[in-house]
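The values are calculated or read from the model by the stated rules, or taken from the named source; none is laboratory data. Being a predicted model, the structure only gives us computed values, none of them experimental. Cβ placement follows ideal geometry from the backbone for every residue including glycine, while neighbour counts extend to all protein chains displayed.
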């Protein structure tokens, strides 16, 4: 069975036969998959009232463990976004009652971001929906295929510079 990427690659084969378009077969599919996955993720998160990227902030705080508290710098470095984008996300999350900013007990000039009880409850429910959605999207793959895909993606990702302090 052919997909849209096959159609595009076939067109390039006719339009410019000298062009090596083999990478388009992979990148075209990855990009199209990411669009589908982003749409499914947004649909799954819509009922929780999170804007784009806010789920990631709350999930990062939750996975940090008790007391579910990190500095804004730790958050934006972990999420690979700018400090300005982080400020916007934090402002909205604070207005919604999901987080609070507190003085850093070790450095009174700094603040920390902490989940509120409401934020913790919401992100835990959202994480269940999120993982169920991802698992359902991977259902067409066998266990072996799932492992192969995971391994191949890790191998490719490890060719890039480390992204966060937890990476080796």
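At-a-glance table
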item	result
Filtered residue count, region 63-97, keeping only those that are more than 22 Å from residue 162 (Cα to Cα), touching a helix residue (DSSP H, G or I) at 6+ places or on another chain (Cβ under 8 Å) and assigned to a helix (DSSP H, G or I)	5
Scope region 71-86; condition exposed (fewer than 15 other Cβ atoms within 10 Å of the Cβ) and within 15 Å of residue 60 (Cα to Cα); matching residues	71, 73, 80
Residue match in region 131-145 (condition: closer than 13 Å to residue 61 by Cβ, surrounded by 10 or more Cβ atoms within 10 Å (Cβ to Cβ) and touching a helix residue (DSSP H, G or I) at 6+ places or on another chain (Cβ under 6 Å))	no
Qualifying residue in region 110-132 (condition: assigned to a loop (DSSP other than H, G, I, E, B), modelled with pLDDT of 90 or more, within 21 Å of residue 45 (Cα to Cα) and in contact with a strand residue (DSSP E or B) (Cβ under 7 Å, 6 or more places away or on another chain))	yes
Residue list for region 1-29, filter: closer than 26 Å to residue 52 by Cα and either more than 23 Å from the chain's Cα centre (by Cα) or surrounded by 13 or more Cβ atoms within 10 Å (Cβ to Cβ) (or both)	28, 29
Members of region 89-109 found to be in contact with a strand residue (DSSP E or B) (Cβ under 8 Å, 6 or more places away or on another chain) and without any contact (Cβ under 8 Å) to a residue 24 or more places away in the chain, listed by number	94, 100, 101, 103
Where residue 60 falls short, out of the listed (1) touching a residue at least 24 places away in the same chain (Cβ under 8 Å); (2) closer than 30 Å to residue 136 by Cβ; (3) under 17 Å from the mean Cα position of the chain (by Cα)	(1)
Residues that are within 17 Å of residue 124 (Cβ to Cβ) and exposed (fewer than 15 other Cβ atoms within 10 Å of the Cβ), drawn from region 89-113	97
